[in-house]
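Input: a single structure, listed below in structure tokens.
The values are calculated or read from the model by the stated rules, or taken from the named source; none is laboratory data. Fair warning: this is a prediction, and the values are worked out from it, not measured in the lab. Here the Cβ positions follow ideal geometry from the backbone for every residue, glycine too, while neighbour counts run over all protein chains shown. Remember, those area values only see protein heavy atoms, side chains included, never the ligands or the DNA or RNA. Shrake-Rupley method; radii C 1.70, N 1.55, O 1.52, S 1.80 Å.
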Amino acid sequence: MKPILGILISVFLLLSCHAQKFNGKKSEIVYQSKDLKIIQLSNHVYQHISYLNTESFGRVECNGMIVENENETVVFDTPVDDKSSAELIVWIKNKLNSKINAVIATHFHDDCVGGLKEFDKNKIPSYANNKTIELTKNNSFNIPQNGFDGQLTLMVGNQKVYAEFLGEGHTKDNIIGYFPEEKAMFGGCLIKEMEATKGYIGDANTNDWSETVKKIRAKYNDTKIIIPGHGNAGGTELLDYTIQLFKNKQ
């Protein structure tokens, strides 16, 4: 009986992880292929997942966020390559019947800008922190078209969506995205999923990481949906976990 009970508990926990409710709506996979997965988290917010092959961590799931309203969308982070980005663009146009107003890169690594050429090809404007643009140039990565300092505000239908730099952490340029209408945040690689390890910190400022997330926690303390750079979405517990993970770490 004990082995059977253990299996049943494991299955229950697995199903619970993939059937979370956000803003009263159960998360739902609305598209899935070998290279791309899209999960609807609320009426207007989706998590897109693509897959990056790495030497240190194997095949890694990489997240982004789609905000849709009144047949317009803003995408945070490209999928990891042009192929999966093309898939995402086609899905948004055909299934959401939506125009893509912009793509916003949250830092300079390939899991944010790897598919940028496909967005350029489709004449979709791209935005990033000016520090991100500088770092993509210095590292020969795909370069976003438009830069900003501090905070960027864009419209998606009749609603505002924000991108904001609040301090260093995973990288010196990392920003977050926020959609006030549904209190949804894209934390990118600055925010960790529950029980995650520190991951890649080769470009990190681990001294400031916890303090940066504390600023985010204070400013957006009523956030309901948070998508990390990798792993499962959640709520403000992801901010608290990330703060503790990097607290007083060198």
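Pairs over the 32 Å Cα-Cα cut-off, from the set 21/131; 95/198; 26/214; 37/160; 117/214; 26/121: 21/131; 95/198; 117/214; 26/121. Per atom type, the chain shows carbon and sulfur on 50% of its accessible surface, probed at 1.4 Å. Shape analysis of the chain places it in the rounded category; the axes a ≥ b ≥ c from the Cα gyration tensor give an a/c below 1.5.
For the chain, the 222 nm mean residue ellipticity estimated from helices alone, with every DSSP H stretch of n ≥ 4 adding -39500 (n - 2.57) and the total spread over all residues, rounds to -8500 deg cm²/dmol. Classified by the C-alpha gyration tensor, the stretch 91-167 has an oblate form. Its axis ratio a/c, with a ≥ b ≥ c, is 1.5 or above, and a/b does not exceed b/c.
Pairwise inverse Cα distances across the stretch 105-250, averaged and inverted, put the Kirkwood hydrodynamic radius at 15.5 Å. Think of each Lys and Arg Cβ as +1 and each Asp and Glu Cβ as -1; about the Cα centre, that makes the dipole of the chain roughly 460 debye. List the longest stretch of the chain that has no exposed loop site; here a site is one of the GluC sites (Glu not before Pro) assigned by DSSP to anything other than H, G, I, E or B, with at most 14 other Cβ within 10 Å. Answer from the scan: 71-194. Assuming charge only on the beta carbon of Lys and Arg (+1) and of Asp and Glu (-1), the dipole of the stretch 41-150 about its Cα centre is about 260 debye to the nearest 20.
Comparing Cα centroids, the stretch 115-181 and the stretch 55-98 end up 14 angstrom apart. Per residue, the chain exposes 47 Å² of solvent-accessible protein surface, assessed with a 1.4 angstrom probe and all protein chains in place. In the structure displayed, which of 83/123; 99/183; 192/219; 192/247 lie more than 20 Å apart, Cα to Cα? Long pairs (Cα-Cα over 20 Å): 99/183. Counting only trypsin sites (Lys or Arg not before Pro) that are in a DSSP loop and have at most 13 other C-beta atoms within 10 Å, tell me the longest site-free stretch of the chain. Formally, the longest exposed-site-free interval is 124-246.
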